[in-house]
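J.: Below you'll find the structure I mean.
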C-alpha cells in the first residue's frame, strides 16, 4: 500500500512513521508513505497558501491552486486513476473500523490535511472522494486525524502486524469491545488473574473471552450491539 499525505506540516508525520510498527512496515516495503508539502506547490511568489474568505468571516481559508497542483503531481507521478482522496473534516462521516477495513484494501490513498478555517470548497468538489471525521470535536488541522487513520488502516494491511490474529480479537471486530487482557505476575496488589486463563483449556478460555466482550460492550457501548 502507498499512502500519500498532502499537508503544510510534513515533519509531524516523520517522527511517527519512523517508530514502531510503521517504521518496520516501511523498512520491509509493505507500506510506502509519501509526504508532500502543499506550500512547495504554491505559485505565489511568497509561497502563500491561504487567503481571506469571500463573504467575510474569521480566519483564513486554504486556496485551491497549491492543493490542486499537489494532487496533480501525485496523480501524474504514480499514474493514478480516480484515487481515494480523504479530506479530514469535522463535517465528514465518523471514522470507524469498517471504514478502516475498506480503505486497507486500496493500493493508494491520498490524505488531504486542512488547516486554518479549512479549504476552498472547489477542491472538495473537484478531487475529494471522502470527507471523514474522527469525532465530534474540532482540531487545529487535519494532521492528527490523518495519523489516527493511517495507523488504524496500516495495521490491517497483511504483513504489517506479526500475526494475522493480532487484530482479529480487538475492539470493534464483530461489533464487540475487546475482552480484558492479563500478563505476569499472576497476583498483583491483591488482584488475581482469572483462573480460566491459567487452565490451558482453550475452549473455556474462548468462551470466557466471548462472554466478557459481550458484557463489556453491553455496559459501555450498547449502540454497537443494536447494529
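J.: Within the bounds of the range 76-95, is there any residue that is more than 19 Å from residue 7 (Cα to Cα), in contact with a helix residue (DSSP H, G or I) (Cβ under 9 Å, 6 or more places away or on another chain) and buried (at least 20 other Cβ atoms within 10 Å of the Cβ)?
T.: Checked the range 76-95: at least one residue is more than 19 Å from residue 7 (Cα to Cα), in contact with a helix residue (DSSP H, G or I) (Cβ under 9 Å, 6 or more places away or on another chain) and buried (at least 20 other Cβ atoms within 10 Å of the Cβ).
J.: Give the residues of the range 111-131 that are farther than 19 Å from residue 2 by Cα and not in a loop (DSSP other than H, G, I, E, B), sorted by residue number. Even if it seems obvious, please write down each step before you answer.
T.: Here is the first cut: in the range 111-131, the residues farther than 19 Å from residue 2 by Cα are 114-126, 131.
Listed by number, the residues that qualify are 119, 121, 122, 123, 124, 125, 126, 131.
J.: Kindly indicate whether any position in the range 52-69 is without any contact (Cβ under 8 Å) to a residue 40 or more places away in the chain and surrounded by 19 or more Cβ atoms within 10 Å (Cβ to Cβ).
T.: Yes, the range 52-69 contains at least one residue that is without any contact (Cβ under 8 Å) to a residue 40 or more places away in the chain and surrounded by 19 or more Cβ atoms within 10 Å (Cβ to Cβ).
J.: Please state which one of 138, 148 is under 26 Å from residue 38 (Cα atoms), touching a strand residue (DSSP E or B) at 6+ places or on another chain (Cβ under 8 Å) and either in a helix (DSSP H, G or I) or at pLDDT below 95 (or both).
T.: When all the criteria are applied, what remains is 138.
J.: May I ask you to list the residues in the range 111-135 that are at pLDDT below 95 and crowded, with 16+ Cβ neighbours inside 10 Å?
T.: 115, 116, 118
J.: Looking at (1) in the same structural domain as residue 63 (by TED's automatic domain parsing); (2) part of a loop (DSSP other than H, G, I, E, B); (3) at negative phi, find the lone condition where residue 161 falls short.
T.: Result: residue 161 passes all but (1).
The values are calculated or read from the model by the stated rules, or taken from the named source; none is laboratory data. It should be emphasised that the depicted structure is a prediction, and the values quoted were computed from it without experimental measurement. A quick note on method: Cβ atoms are made from the backbone with ideal geometry, for glycine too, and the neighbour counts reach across all protein chains shown.
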